[in-house]
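Here the structure is laid out as structure tokens; the discussion comes afterwards.
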Amino acid sequence: MPIDGEVPQISVFPVAALAVVLTLVPAVAGAQIYAWRDASGTLVLSDRELNAPTKIYEVPGAPSYRTTTATTADGRPAAAPRFDDIVVAHAQRHALRPELVRAVIQVESGYNPAATSPKGAMGLMQLMPATARELGVRNPYDPEENIRGGTAYLRQLLDRYEGNEQLALAAYNAGSGAVDRYGRNVPPYRETRDYVKKVGLKAGAGTGSRNKVVIYKSIEIIDGRAIPRYSTQRPAGGTFEIIRR
């Protein structure tokens, strides 16, 4: 049943709309953006997670947007990394934690879409040629295609290992064959164990065995404040985040 009796009802924000508002603000190196659209259609942009009621402000020139940081007259608060709207969209499509996808990208490529490994892995999520073909990724160096394929592959691995993120990450690095050969355990390869540890630390909670309790987070705007809502029931539609599996 919903926590505190509140069921989140929130609409998915369109990527095109997010792109428009991001043109109003300059990029800040290393910044992170979080975007939520409430039930009334107002898009909230923040440079930090919304884990408590937070005052919001109008964005000059964009009356349907709000941010958690006051903006200047020409609308220039801190902005997001370049690919985060794509990450959030595909993470939600495959019921993945956005933090997990971000962590994989950070460790795999350092957010370099042109990255190529000595073994031939390509792009942001370092897809191998055969994997890219199986996933229908024609251009692994295109951020949209790469993240689409990488999140689909990560979802396949999580389903294969019953939601265990450590095993899914180990398979992402060393291949599912290696994980299966060692009795569905993280293989004793130093590179793979370091990889699982690095991604796990960056992704935060949720890298162990599957937790049967799933909590969904959404945002509601009330009297000029963005209020986080948590529920054990998956919203019927709209923007939400899985914060614990």
Subset of segment 170-181, residues surrounded by 15 or more Cβ atoms within 10 Å (Cβ to Cβ) and either free of Cβ contacts under 8 Å to residues at least 60 places away in the same chain or not in a helix (DSSP H, G or I) (or both), comes to Ala170, Ala171, Asn173, Ala174, Gly175, Ser176, Ala178, Val179, Asp180
Within segment 90-146, residues being among the small types (Gly, Ala, Ser) and touching an Asp or Glu at 6+ places or on another chain (Cβ under 9 Å) number 7
Can you say whether Ala121 is within 30 Å of Ala170 (Cα to Cα), within 13 Å of the chain's Cα centre (by Cα) and modelled with pLDDT of 90 or more, as far as the supplied structure shows?
no
Within segment 171-203, the residues that are in contact with a Lys or Arg (Cβ under 8 Å, 6 or more places away or on another chain) and either assigned by TED's automatic domain parsing to the domain that holds Glu49 or closer than 23 Å to Pro98 by Cβ (or both) are Ala171, Lys202, Ala203
With Pro140, Pro129, Pro113, Pro53 as the choices, which residue is assigned by TED's automatic domain parsing to the domain that holds Leu167, over 16 Å from the mean Cα position of the chain (by Cα) and at pLDDT below 95?
Pro113
Going through (1) touching a residue at least 12 places away in the same chain (Cβ under 8 Å); (2) farther than 22 Å from Asp180 by Cα; (3) in the same structural domain as Lys198 (by TED's automatic domain parsing) one by one, His90 fails only at (3)
Only one of these conditions is not met by Asp194: (1) at pLDDT 95 or above; (2) in a helix (DSSP H, G or I); (3) out of contact with any helix residue (DSSP H, G or I) (no Cβ under 7 Å at 6 or more places or on another chain). Which number is it?
(1)
Can you find a residue in segment 87-98 that is of a type in the set (Gly, Ala, Ser) and assigned to a helix (DSSP H, G or I)?
yes
For segment 141-164, the count of residues that are outside any helix (DSSP H, G or I) and in contact with a Pro (Cβ under 8 Å, 6 or more places away or on another chain) equals 2
Considering only residues that are of a type in the set (A, V, I, L, M, F, W, C) and either modelled with pLDDT of 50 or more or more than 25 Å from Gln106 (Cα to Cα) (or both), which ones fall in segment 22-50?
Leu24, Ala31, Ile33, Ala35, Trp36, Ala39, Leu43, Val44, Leu45, Leu50
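The values are calculated or read from the model by the stated rules, or taken from the named source; none is laboratory data. These numbers were taken from a predicted model, which means no experiment stands behind them. Note that each Cβ is placed from the backbone with ideal geometry, even for glycine, and that neighbours are counted across all protein chains shown.
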